[in-house]
Amino acid sequence: MTPAPVTPAPPLTEPPFTEPLLAVRDLRVDFGPAPAVRGVDLELHRGETLGIVGESGSGKSVTALAVLGLLPGTARIGGSVRLEGRELVGLPGRELARIHGRKVAMVFQDPLSAFTPVYRIGDQIAEALRIHQPLDRAAARGRAAELLDLVGIPAPGRALDSFPHEFSGGMRQRAMIAMAIANDPDILLADEPTTALDVTIQAQVLEVLRTAQRETGAALVLVSHDLGVIAGMADRVAVMYAGRVVETAPVDDLFARPRHPYTLGLIGAAPRLDGRGGPLVPIPGNPPAPGEGGPGCPFAPRCPLAEGRCRTAEPPLAGAGAHLAACVRADELAERGPAPSEVYPVPELPAPADPGPREGRAQVLAVTGLTKTFPQLKGAVFKRKVGEVYAVDGVDLDIRRGETLGLVGESGSGKSTTLYELLRLAAPQAGRIELLGQDTARLDPAAAHRLRGRLQIVFQDPMASLDPRMPVGDIVAEPLHAQAVPREEAARRVPALLRQVGLEAAHADRYPHQFSGGQRQRISIARALAVRPDLLVLDEPVSALDVSIQAGVLNLLQRLKAELGLAYLFVSHDLSVIRHLADRVSVMYLGRTVETGAVAEVFERPRHPYTRALLSAVPLPDPAAERARTKVLLAGDPPSPTVRRQGCRFRARCPVYAALDAGRRTRCEQEEPQAAEAAPGVDHTAACHHPEGR
Amino acid sequence: MTTTVLTDTVPVPAGDPAPSGRLRLVLARLTAARGVLVGAAIVLLLFLLAFLGPYLTPWDYATPNYTAIRQPPSAEHWFGTNGIGQDVFAQTVRGLQKSLVIGLLVALFSTVLASLVGACAGYFGGWTDRALMFLVDLMLIFPSFLIIAIVSPKLRGTGWLAFVLLLGLFNWMITARVVRSMTLSLKEREFVRAASFMGVRPFRIILRHILPNVSSFLIIDATITVGGAVMSEAALSYFGFGVRAPDVSLGTLLAAGTGDAPVFPWLFYFAAALLVLFVLAVNLIGDGLRDALDPTADAGRPARTARRPRRRNP
């Protein structure tokens, strides 16, 4: 192979010529007959951050666990893992345990199950310390408090005596990091450390990971499916597909000049917060199941660049310098540097018909001042009310025909409660819901039933939202039956509906478990479309899907909207997806709408400090842009919704409030801010006393 | 029902096979399973034996033959005779008639009742739940045997159907409780929520979504009840309720023959074998039905499709 003309990588990211701290050679893991990891080579040097990125089932977590020796007994491990020259594979458990914590420490994805629920946080950290270090009880406790302080937990002395369930998710993940760095490890393994967290909390935890790495000088292995997180954190990146590393390179090089078509596809499939990047490029097909596939490159069936030779032999990981790729056409890609849309077929989206000015269009949904509180009950037999949870407390929504409204908020902000209140089609506790011109408080049962046919929902979890015991044809026809469409008519429309969402008519006789996640979500969409609704409520429809699959579903939603003139209420925690799909966006914080407006307005000129913080917390899948951004980090967690505060409810975390002088703070403390327009005639409102700009 | 027929503008190309629907798919899977066919054949043969058997033998089940007392099986008395010279074959087929019908009907009746009450209590919650569960608790603490004993003389003359209802009526409570708790967890699943948001009526949700998803439990429970009903009928008959002498059922035959089994095995083993065969066949059918209703079960799947369920993000 002729060496490709390599653009020299920045010297910073060039690995130093020293003995690697951790060297993984030809690591193979299989569970039974199906291999999960098929020959992984990795190198980790002191102080560097290695990002491992891949979709579910690519073997990234298994690789991380195999390095630690934490795989279950049924796994067979081959190859070699050397830590400072010492072989770890095949080491007895007792020896491995000495290395765990001391040399290599792990941060798990789910911090709730990583702590023992019946012991105090302090005791668990102290335990980790005393196993490896000769410390007495008091000294270990003192050190544990220091560690908690280091990871930014307020009042560490008190936090030591807390139980895990008393911590929020972000706090638990911080405590987990504190425990991991307790013994000053050389390597910190973080397996999807922020996947379960909200973006603002994710930003905090990533910052803590950086601090921890700086303080201990440890090398960090960060396993993630999120290209943005990897771009912001890693020095070098390994991309995994079907149990192998298909490309590894310094982070800038990888994102700027990917040499494997899969990497290129991943970059093209991720929606971008900054609005650049053009249409989403889905990777066709599904990743192969373990043990599936022929002798060739496992990506060949999905690859638009595949040639005859790709199907005969699997290409080795090769290349010049630090940038290696397992593709026969890597040099070509390096030379040409095509954009994802030049390689992958871009689905043609019909141009949406110009619906005319917004004011002239019919209102599909109008919500004003929606409120929903849940009573907090105590006692087993005689339940008495001890308080109230203000789940939704002042939500305003406005959707016109043919429009997508993105509803954004972190967990606990009341998004789901808002949705369920809408779908209940009953009188709300307070406020007003007007659906297709009808006030839900004044509907009789028959009218409500008719209205249900014009309002449909797609749920988040494509596994749970389809009845496992019903064939797909019956599932799709269900809303038709509910609206008393004749049986033959319904049966006749099912094939057309399935084709409309990109499935085959013959799929009607299969059961949901025979489909992949993305296909199941398409079935959900077909079911929702069956009665030709006016408004489709999408509750996190793509957050359970992999990036390459998600792109296809998002494109489908865009196409359907253009073809059918649907209005969407799109709920998501993922701002990039909202930016890509929505026309207007509504931001919620603690049960209240804080900012609303046209997507371009809100994303480019956010006025509410919370929106600004949210936007800056979303990592961009572009290392250079990610480094250049200034970040607004929010302090702490969202406060409890059981207390109704006077004044602005964001002020405890608000950077603007913190910078105000005492005189101007009073207003934030006493007066609840009302939504105010940025300028007359501009579709952009913010509920803040001191909004940014204009 | 309102007749809001939606105008269809989706072009439907001709020649598309209409989707088969659940019923036909389940039937296809059911008939593809060998166990079901064997079980159904056995049950059918048992019915044939029960209702044609009396015509095969010249002996009557009630008439004693004093010249042949406690005869072992012979060419004349195929299953032998009992202590007062009645023909055991005639008695067994007569008993089989009763027990087949009682076993199947009691199982069907109590399972249907249990699933409806349990699913309604779980799905509707609130006062419906409280009222139905109160009823269940009330029925559970009633000494059912005593009540049947008191009521059954009054039902004399109404025949075995009333007896079946009585047996079923005291047999459904625990099943209903289990169904209720399963419904409570199913109710929170998204597909049930989705259906209710779509405007599917509550009873339709129960029939189409909830009951199919608890069917595995219901089927196992029903197959156990079949055997149980035959035996509890015997226990009641022993005390003189239900089937009365000279009429017989498999249960009374077994109860009478148990003591004689070591010495006069034909008094016991023919009836016992038929009962075992019956319960076994019902179990085979139940297993097949369960697999046919559960699409993830391997057995009974007509042809394995290549697509496998993908692992979710770990």
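Cβ-Cβ distance of residue B:138 and residue A:138, R₀ of 56 Å, FRET efficiency by 1/(1 + (r/R0)^6): the value works out to about 0.35. Counting only whole DSSP H helices of chain B, the ones at least 20 Å long by C-alpha along their axis and with mean Kyte-Doolittle hydropathy no lower than -0.5 are B:34-56, B:88-124, B:126-141, B:173-187, B:215-238, B:266-293. A simple charge model with +1 on the Cβ of Lys and Arg, -1 on the Cβ of Asp and Glu and nothing else charged puts the dipole of segment A:318-395 at about 1020 debye relative to its Cα centre. In sequence order, segment A:455-471 has phi-based couplings of 9, 10, 10, 10, 8, 6, 8, x, 7, 7, 8, 10, 5, x, 9, 10, x Hz under the Karplus curve 6.51 cos²θ - 1.76 cosθ + 1.60, θ = phi - 60°, and Gly or Pro positions carry x. When segment A:182-313 is described by a simple charge dipole with +1 on each Lys and Arg Cβ and -1 on each Asp and Glu Cβ, the residue from A:304, A:218, A:187 located farthest towards its positive end is A:304. Name the long-range amide H neighbours of residue A:49: under 5 Å, sequence gap of 5 or more, or other chain; modelled H, no Pro or chain starts. Amide H to amide H, under 5 Å and 5 or more residues apart or across chains, residue A:49 pairs with A:220, A:235, A:236. For segment B:26-293, the Kirkwood hydrodynamic radius comes to 20.4 Å, computed from all pairs of different C-alpha atoms.
Other residues lying with their Cβ under 13 Å from the Cβ of residue A:447 contribute a combined charge of +2, Lys and Arg counting +1, Asp and Glu -1. What shape does chain A take by its C-alpha gyration tensor, where a ≥ b ≥ c are the square roots of the eigenvalues and a/c under 1.5 counts as rounded, a/b above b/c as prolate, and the rest as oblate? Oblate shape, in that a/c is at least 1.5 and b/c is the bigger or equal ratio. Working note: Karplus 6.51/-1.76/1.60 with θ = phi - 60° gives segment A:154-159 the couplings x, 6, x, x, 6, 5 Hz, where Gly and Pro are set to x. Highest mean packing first, where packing is the average number of other Cβ atoms within 10 Å per residue, the peptides B:66-75, A:72-81, A:513-522, A:94-103 line up as A:513-522, A:94-103, A:72-81, B:66-75.
Per residue of A:138-150, other chain Cβ atoms within 10 Å of the residue Cβ number 0 on average. When peptides B:115-121, B:126-132 are ranked by their average number of other Cβ atoms within 10 Å per residue, the highest-first order is B:115-121, B:126-132. Projecting the Cα atoms of B:166, B:251, B:274 onto the charge dipole of segment B:26-293 (Cβ charges, centred on the Cα centre) puts B:166 farthest toward the positive pole. Enumerate the residues in segment A:605-635 having an amide nitrogen under 19 Å from the point lying 7 Å beyond the Cα of residue A:274 toward its Cβ. Taking a point 7 Å out along Cα→Cβ of residue A:274, the residues of segment A:605-635 whose backbone N falls under 19 Å are A:605-606, A:612-633.
What the phi angles of segment A:390-407 give under the Karplus curve with 6.51, -1.76 and 1.60, with θ = phi - 60°, is a coupling list of 8, 6, 10, 8, x, 10, 10, 9, 8, 10, 9, 4, x, 10, 10, 9, x, 10 Hz, glycine and proline written as x. Placing +1 on each Lys and Arg Cβ and -1 on each Asp and Glu Cβ, with no other charges, gives the protein assembly as shown a dipole about its Cα centre of roughly 1660 debye.
Taking the Kirkwood radius as Rh and the Cα radius of gyration as Rg, segment B:187-284 has a ratio of Rg/Rh equal to 1.28.
With each label modelled as a point 7 angstrom along the Cα→C-beta vector, the residue A:91-residue A:351 pair spans 6.4 nm.
Mean sequence separation of contacting Cα pairs (under 8 Å, at least six apart), scaled by the length of segment B:26-293, corresponds to a relative contact order of 29 percent. Positive contributions from Lys and Arg (+1) and negative ones from Asp and Glu (-1), summed over other residues with Cβ under 13 Å from the Cβ of residue A:189, come out at -1.
Of the residues A:495, B:140, A:678, the one whose Cα sits farthest toward the positive end of the charge dipole of the protein assembly as shown, with +1 on the Cβ of Lys and Arg and -1 on the Cβ of Asp and Glu, is B:140.
Beyond 32 Å in Cα-Cα separation lie the following of the pairs A:60/A:631; A:60/A:372; A:385/B:187; B:98/B:187; A:631/B:187: A:60/A:372; B:98/B:187; A:631/B:187. Counting Cβ atoms of other protein chains within 10 Å of each residue's Cβ and taking the mean over peptide A:485-493 gives 4. The mean sequence separation of alpha-carbon pairs under 8 Å and at least six residues apart, normalised by the residue count of segment A:368-448, gives a relative contact order of 31 percent. Taking a point 7 Å from the Cα of residue B:69 along the Cα-to-Cβ direction, the residues of segment B:80-120 with backbone N closer than 14 Å to it are B:81-86.
Would segment A:420-555 count as rounded, prolate or oblate if I go by the C-alpha gyration tensor, calling it rounded below 1.5 in a/c and otherwise prolate when a/b exceeds b/c, oblate otherwise?
oblate
List the GluC sites (Glu not before Pro) within segment A:608-694 that fall in a DSSP loop (any state other than H, G, I, E or B) and whose Cβ has at most 16 other Cβ atoms within 10 Å.
Qualifying residues, ordered by number: A:671, A:692.
With a cut-off of 15 Å between beta carbons, the residues surrounding residue A:124 carry a summed charge of +3, where Lys and Arg count +1 and Asp and Glu -1.
Using the Cβ-Cβ distance between residue A:98 and residue A:562 with R0 = 60 Å, the FRET efficiency computed as 1/(1 + (r/R0)^6) comes to roughly 0.45. The simple Förster model, with R0 at 35 Å and r as the Cβ-Cβ distance, assigns residue A:488 and residue B:34 a FRET efficiency of 0.55.
A short reminder: the numbers here are calculations on the coordinates, not readings from a lab. Source: prediction; values computed, not measured. Using ideal geometry, Cβ is built from the backbone for each residue, glycine included, and neighbour counts are taken over all protein chains shown.
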